[in-house]
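Take a look at the structure set out below.
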Amino acid sequence: MQNTPTMTDRTALLRHRARADQNGGLFLQETALEDVQDRLTLVNRGFTKVAIVCAFSDLWRRVAPHADILADEDVLDLETGAYDLVIHAMCLHWANDPVGQVIQCRRALKGDGYFLSVSFGGQTLHELRAAMAEAEAQVSGGLSPRVVPMGEIRDLGALLQRAGLALPVADAVPLKVTYETPWHLMRDLRAMGEANALHGRLRRPTGRNVLLRMAEIYNSEYMEDGRIPATFELIFLSGWAPDASQPQPLRPGSAGARLAEALGTDETPLKD
């Protein structure tokens, strides 16, 4: 695989995940897991060989107890053409190379195997990002990387086609969680294992004045009924490894009937 820019400090990310609260902090992981289970019940297919790429193996093993559980390393420990289902679970937003991750999953699938991914999308924590950026600009006159950049649904959906997956589908599920203060939100992010692990982050504590100004902006701009909202967007991506048994698009010009006839209307030729 070719070299890609290093966005994530892997050591810091693993440290944050190790400190996550397994007894209450993973509620968004559990929400994503339940949605994945629901989506799999809608697929009219039985899966016998499953791989799950995730950060919290005990949690995600609930989807398939006998699945191969893999860490989200840059190079995934996946056997080529071995699986009929690969799930990429809540890790893609931390990947240095998201395209490479999906391509590796695609290569691990058998013909007509199913790929399903869930990760945080671009609307996640937009309130916190805006308040922190404004506070830092006002207090220190600059900006530093605070929240991992997460892809918008259109960009993430394009990964499926770039990876060569057939019948691609991308959709978003917005979630809103409310907190008493921004400090409670940041405490929850640490409990989730989602604290700042960007390679380019500041390596010193954020100044107290910046944090206080952030809280003032967050409260004044977003508070509703005495609580502040935090948006979390889950992006689901799915597709199939190409196979001859799948529906194929018709060759242009091969239709046996005109659309106007099917609609019972007159056809108006275009001018040359």
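The values are calculated or read from the model by the stated rules, or taken from the named source; none is laboratory data. Just so it is clear, the model here is predicted, and its values are computed rather than measured. Backbone-built Cβ (ideal geometry, glycine too); neighbour counts: all protein chains shown. Calculation scope for accessible area: heavy atoms of the full protein, side chains included, ligands and nucleic acids excluded. Shrake-Rupley method; radii C 1.70, N 1.55, O 1.52, S 1.80 Å.
Some observations on this one:
- Unmet requirement for Asp97, which otherwise passes all of (1) open to solvent by 40 Å² or more (accessible area, probe 1.4 Å); (2) over 15 Å from the mean Cα position of the chain (by Cα): (2)
- Contacts under 9 angstrom Cβ, first residue in segment 202-213 being open to solvent by 100 Å² or more (accessible area, probe 1.4 Å), partner at pLDDT 90 or above, 6 or more apart: Asn209/Ala135; Asn209/Val139
- Where a residue in segment 226-246 is at pLDDT below 95 and surrounded by fewer than 22 Cβ atoms within 10 Å (Cβ to Cβ) and its partner, wherever it lies, is part of a strand (DSSP E or B) and among the small types (Gly, Ala, Ser), with Cβ under 7 Å and at least six apart: Pro242/Ala166; Asp243/Gly111; Gln246/Ala166
- Pairs with Cβ under 8 Å, 6+ apart, first in segment 160-181 and free of Cβ contacts under 8 Å to residues at least 40 places away in the same chain, second surrounded by 14 or more Cβ atoms within 10 Å (Cβ to Cβ): Gln161/Pro168
- Applying the condition of being closer than 22 Å to Ile228 by Cβ and not aliphatic (A, V, I, L, M) to segment 131-143 and asking which residue is surrounded by the most Cβ atoms within 10 Å (Cβ to Cβ) yields Glu136.
- The set of residues from segment 12-34 being within 20 Å of Ala95 (Cβ to Cβ) and in a helix (DSSP H, G or I) comprises Ala12, Leu13, Leu14, Arg15, His16, Arg17, Ala18, Leu28, Gln29, Ala32, Leu33.
- The set of residues in segment 136-175 that are more than 19 Å from Cys105 (Cβ to Cβ), more than 16 Å from the chain's Cα centre (by Cα) and modelled with pLDDT of 90 or more comprises Glu136, Ala137, Gln138, Val139.
- Residues that are more than 18 Å from Ala170 (Cβ to Cβ) and open to solvent by 10 Å² or more (accessible area, probe 1.4 Å) were ranked within segment 112-127; the one that is farthest from the chain's Cα centre (by Cα) is Asp112.
- Options Val63, Val36, Val86, Val53; residue that is open to solvent by less than 10 Å² (accessible area, probe 1.4 Å), modelled with pLDDT of 95 or more and more than 14 Å from the chain's Cα centre (by Cα): Val86
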